[in-house]
Amino acid sequence: MKAQSYQDLILWQKAMDLAELIYKSTSGFPKEEIYGITFQMRRSAISIPSNIAEGRSRNTKGEFLQFLGISKGSLSELETQVLLSVRLNYLTVEQSEKILSLSSEVGKLITSFQLKLKN
């Protein structure tokens, strides 16, 4: 059965889980980082499901592919920011592993969707 809405997509749901995890994980970051890495991580995390939703709501496969590409770029940004947060001791290795595991799952789902749309 074809997904009726972007909200029906497992990809979007997992991306939303990732965004929620980022918000919770960054809540303990230093106050001086509120407009720094905290903001950047949250922005990147929000961008992923937002672009999936926008792309799914567009008229063509080509547009959807473009927005999936943007989501994938935001995912790479987020992964980089997570790794930096570990180096800065803002996140523990355990926290980063949980985030990066979910991130990897989202990345695989994006790639799978891209391949499906191209064929």
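Taken together, the criteria exclude residue 76 from residues that are among the small types (Gly, Ala, Ser), in contact with an Asp or Glu (Cβ under 6 Å, 6 or more places away or on another chain) and closer than 17 Å to residue 11 by Cα. Pairing each residue of the range 86-97 that is within 15 Å of residue 22 (Cβ to Cβ) with any residue that is of a type outside the set (Gly, Ala, Ser), provided the two are 6+ apart or on different chains, yields C-beta distances under 6 Å for 90/29; 96/82; 96/86.
Restricting attention to the range 64-85 and to residues that are free of Cβ contacts under 8 Å to residues at least 40 places away in the same chain and polar (S, T, N, Q), the residue that is farthest from residue 43 (Cα to Cα) turns out to be 66. If you go through the range 77-119 and keep only what is more than 13 Å from the chain's Cα centre (by Cα), surrounded by 12 or more Cβ atoms within 10 Å (Cβ to Cβ) and among the acidic types (Asp, Glu), you end up with just 97.
Readers should treat all values here as calculations from the given coordinates under stated rules, not as data from a laboratory. It should be emphasised that the depicted structure is a prediction, and the values quoted were computed from it without experimental measurement. Here Cβ is always computed from backbone atoms with ideal geometry, including for glycine, and neighbour counts include all displayed protein chains.
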